[in-house]
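The values are calculated or read from the model by the stated rules, or taken from the named source; none is laboratory data. Remember, it's a predicted structure, so these values are computed and weren't measured experimentally. Please note: Cβ atoms are built from the backbone with ideal geometry, for glycine as well, and neighbour counts cover all protein chains shown.
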Amino acid sequence: MTQNQIKIGIAGLGTVGTGVINLINKNKNEIIERTGCELIVQCISASNKNKQRSCDVEGINFYSDPIDMLNQESIDIFVELIGGESIAKDLVVKALEKKVHVVTANKALIALHGAEVSMLSLKNEREILYEASVAGAVPIVKVIRESLSANNIEWIAGIINGTTNYILTEMLISEKSFDTVLQEAKDLGYAESDPSFDIGGVDAAHKLTILASICFGIPLNFQSIYVEGIEEIELEDLKNARELGYIVKHLAIARKKDTGIELRVHPCLVPKTRLLANVNGVKNAVVINSDAAGSTLYYGAGAGSLATASAVVSDIIDISRSLVQKANYTIPFLGYKNIIPENNISKIIDVETRYYLRIKVTNKPGVLADITKIFGKKSISIESILQKEDAEKDVNVPIVLVTHKVIEKNIDEALNEIEKLDVVKDKIKRIRIEELNS
Ligand code: HSE
């Protein structure tokens, strides 16, 4: 390492990679003043050298194979921005084995292979930092690992997928169907051409895996997360929820309870008055409830070129500072010195929430009595009922019910029974309600 120059190699030159190069150039002086060192992008790798790019790559060594880049270049920090699992993991492993520090924005890599790469990082005494893997520009990993380190965190709830938040927001504002808004999101470049990980909740679950581990000191455990996407949400439900005083959001929730840790990703009705209910479009936001700090909220851009680069470059700066000072970086990979094996993750059937239900029924006397009888048998208490359609005209009408708190297992059993009634016409729509107040 040249004195006060940190040499960087970047694999992946898409939106984020381009942003990293631009940000390092744009704020070169600011970074030198803050850190006492200059960040030099020495080499980059991307599949197509001649692709038109919105960053200046002149003078940077180019490789079409990132393995070649790692083999041939001598760098201080390897920045993995390819994403996905296979090649990205191989590269990170290779970099650590070569005793090169790693910065990544790859949530799938950390969520699924974090334990393995962190062992390698310890063994080789090189860091792997991943701030950009969750909520883009929002500095949530540092906040949890460092700023809230004196706290017992009770729960965390976040809107951590911008695509789903954009779709839910736009459906309600423009009164459009899910399919129409999804296509618009693709056209605008918000949703991936294959958006299944976004709308199906997997992207948010990768991020929640990381958040839950650094909040509670538990192992990264993607498989234990209950995942539901927004594919089944209809405009009718968003409007009904608004009428009842709620906004539907796709939330990632981790909550420590006496009975176990809840890890779940699914759509929720959130009271209109909560800050999270007012986070719109592609923005991300995370609320953390902890014993000393109380409730704190973090909000900002969950994706985007310079926005995500802000998180990536802050990790590069953290490593650079310790390199310049010849000091060890001291924050443990998951924020805990000791990660305690945790086998007390609650099953979704044991989770207790209130419920929004929409049941399409034949419009005739006695139907409601049949339904409420089944709820009564399962000790499910109904808080409110809404039926808006003109009963004279409609043969089938939707009944909207809000329940008091109920264990998931009981609602499953009740809804199975109700769906078997002749008067019930469709699969019942159900969305959990989260008050987010305790
Ligand atoms: N696809 C993600 C989202 C952005 O829609 O929020 C990157 O994590």
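Some notes on this structure:
Residues are listed down the side, and each one gets a yes or a no for (1) in a loop (DSSP other than H, G, I, E, B); (2) surrounded by 12 or more Cβ atoms within 10 Å (Cβ to Cβ):
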| residue | (1), (2) |
| --- | --- |
| TYR356 | no, yes |
| LEU368 | no, yes |
| SER379 | yes, no |
| VAL397 | no, yes |
| ASN416 | no, no |
| ASP422 | yes, no |
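- Residue in region 97-118 that is in the same structural domain as LYS239 (by TED's automatic domain parsing), among the hydroxyl-bearing types (Ser, Thr, Tyr) and within 16 Å of the ligand (Cβ to nearest atom) present: no
- Qualifying residue in region 126-136 (condition: assigned to a helix (DSSP H, G or I), within 16 Å of the ligand (Cβ to nearest atom) and more than 23 Å from LEU23 (Cβ to Cβ)): no
- When GLY9, GLY14 are checked against the criterion of being within 23 Å of TYR130 (Cα to Cα) and modelled with pLDDT under 95, a single residue qualifies: GLY14.
- Of the criteria (1) under 20 Å from the mean Cα position of the chain (by Cα); (2) surrounded by fewer than 20 Cβ atoms within 10 Å (Cβ to Cβ); (3) not in a loop (DSSP other than H, G, I, E, B), which one GLY84 fails: (3)
- Within region 137-169, considering residues that are part of a strand (DSSP E or B) and of a type in the set (A, V, I, L, M), the one farthest from the ligand (Cβ to nearest atom): ILE153
- Residue, nearest to the chain's Cα centre (by Cα), within region 296-307, restricted to residues that are closer than 20 Å to GLU80 by Cβ and modelled with pLDDT of 95 or more: ALA307
- Subset tally (residues that are surrounded by 13 or more Cβ atoms within 10 Å (Cβ to Cβ) and either part of a loop (DSSP other than H, G, I, E, B) or in contact with a Ser or Thr (Cβ under 9 Å, 6 or more places away or on another chain) (or both)) for region 327-351: 13
- Residue identified as outside the structural domain of VAL397 (by TED's automatic domain parsing) and closer than 19 Å to PRO195 by Cβ among ALA285, ALA241, ALA252, ALA277: ALA252
- Selection status of ALA185, touching a residue at least 40 places away in the same chain (Cβ under 8 Å) and out of contact with any Pro (no Cβ under 7 Å at 6 or more places or on another chain): no
- Qualifying helices (runs of 4 or more DSSP H) (wholly inside region 192-271; at least 3 residues being buried (at least 19 other Cβ atoms within 10 Å of the Cβ), within 15 Å of the chain's Cα centre (by Cα) and among the aliphatic types (A, V, I, L, M)): 202-216
- Set GLY294, GLY302, GLY281: member being surrounded by fewer than 17 Cβ atoms within 10 Å (Cβ to Cβ), over 22 Å from VAL41 (Cβ atoms) and within 16 Å of the ligand (Cβ to nearest atom): GLY281
- Some residue of region 300-322 being more than 20 Å from GLY19 (Cα to Cα) and not in a helix (DSSP H, G or I): no
- Restricting region 56-79 to residues that are part of a strand (DSSP E or B) and either of a type in the set (Ser, Thr, Tyr) or surrounded by 14 or more Cβ atoms within 10 Å (Cβ to Cβ) (or both), the residue that is farthest from the chain's Cα centre (by Cα): ASN61
- Just one of the listed residues (GLU170, GLU175) is surrounded by fewer than 18 Cβ atoms within 10 Å (Cβ to Cβ) and out of contact with any Pro (no Cβ under 8 Å at 6 or more places or on another chain), and it is GLU175.
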